[in-house]
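**Student:** Could you have a look at this structure, given as structure tokens, before my questions?
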Amino acid sequence: MSMKKKTAFVAKMARLPWKEFPGHFGGALSKMLVGPGNSGTERVDFRISRYAPNAYVQEHSHKIQEQIYYVLEGEGILTVGKQEHLMRPHDYVYLPPGVPHSFTNTGLSGLVFLVVTTPADDEPPTRRGRK
């Protein structure tokens, strides 16, 4: 459970570092915009991601988290279960818990998209030390 006090803030994205999170490869980078570490929230993880051509996140699913991807630039193949979907600007997807998915930049330039995940932690509350 996050002990940081929840607080409103305004920030500059340019000041945040790009990170390649576990399971992401080939220049699949993200910036954590809002999450437990900077806001005290436990309910949301909000990121912007930029995948270089051929970069990807490996297939995975979430135990309790729901996700939304919203494409801003570029194009890529989103695999949901066994189905492949070409994603381009203004396309989006909702992913409920337990649905296997992966995302690969198949374009010639960067694939840029927003990711909203809730709750911020994929462990059920009882496993995070709550009653």
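**Student:** Tell me, please, whether a residue that is of a type outside the set (A, V, I, L, M), farther than 17 Å from His24 by Cα, crowded, with 17+ Cβ neighbours inside 10 Å and out of contact with any Pro (no Cβ under 7 Å at 6 or more places or on another chain) can be found in region 95-104. I'd like the intermediate steps shown before the answer.
**Tutor:** Going through region 95-104, the residues of a type outside the set (A, V, I, L, M) turn out to be 96-98, 100-104.
In the following step, the residues that additionally are farther than 17 Å from His24 by Cα were identified as 96-98.
Filter again for crowded, with 17+ Cβ neighbours inside 10 Å, leaving none.
No, every residue in region 95-104 fails to be of a type outside the set (A, V, I, L, M), farther than 17 Å from His24 by Cα, crowded, with 17+ Cβ neighbours inside 10 Å and out of contact with any Pro (no Cβ under 7 Å at 6 or more places or on another chain).
**Student:** Here is a further query. Given (1) at pLDDT 95 or above; (2) in a loop (DSSP other than H, G, I, E, B); (3) small (Gly, Ala, Ser), identify the lone condition not met by Ala8.
**Tutor:** Unmet for Ala8, out of (1) at pLDDT 95 or above; (2) in a loop (DSSP other than H, G, I, E, B); (3) small (Gly, Ala, Ser): (1).
**Student:** Moving to a separate point now. Across region 62-86, what is the number of residues that are buried (at least 16 other Cβ atoms within 10 Å of the Cβ) and assigned to a loop (DSSP other than H, G, I, E, B)?
**Tutor:** Qualifying residue count for the region: 4.
**Student:** When you scan region 32-80, how many residues do you find that are among the basic types (Lys, Arg) and touching a Pro at 6+ places or on another chain (Cβ under 7 Å)?
**Tutor:** Total meeting the criteria: 2.
**Student:** Next question, about the same structure. Return only the number of the condition from (1) on the phi > 0 side of the Ramachandran plot; (2) at pLDDT 95 or above that Met32 does not satisfy.
**Tutor:** Unmet for Met32, out of (1) on the phi > 0 side of the Ramachandran plot; (2) at pLDDT 95 or above: (1).
**Student:** Quick check on region 105-129: of everything there that is surrounded by 12 or more Cβ atoms within 10 Å (Cβ to Cβ) and charged (D, E, K, R), which residue is modelled with the lowest pLDDT?
**Tutor:** Arg128
**Student:** Among Gly23, Gly27, Gly37, which is the only one that is farther than 20 Å from Thr106 by Cα and either surrounded by fewer than 18 Cβ atoms within 10 Å (Cβ to Cβ) or of a type in the set (Val, Ile, Thr) (or both)? Even if it seems obvious, please write down each step before you answer.
**Tutor:** On the way: Gly23 fails: farther than 20 Å from Thr106 by Cα; Gly27 fails: farther than 20 Å from Thr106 by Cα.
Of Gly23, Gly27, Gly37, the one residue that is farther than 20 Å from Thr106 by Cα and either surrounded by fewer than 18 Cβ atoms within 10 Å (Cβ to Cβ) or of a type in the set (Val, Ile, Thr) (or both) is Gly37.
**Student:** Restricting to region 26-61, what's the tally of residues that are touching a residue at least 40 places away in the same chain (Cβ under 8 Å), part of a strand (DSSP E or B) and of a type in the set (D, E, K, R)?
**Tutor:** Here the count works out to 4.
The values are calculated or read from the model by the stated rules, or taken from the named source; none is laboratory data. No experiment lies behind these values; they were computed from the predicted model shown. Quick reminder, even Gly has a Cβ in these numbers, built from the backbone with ideal geometry, and neighbours come from all protein chains shown.
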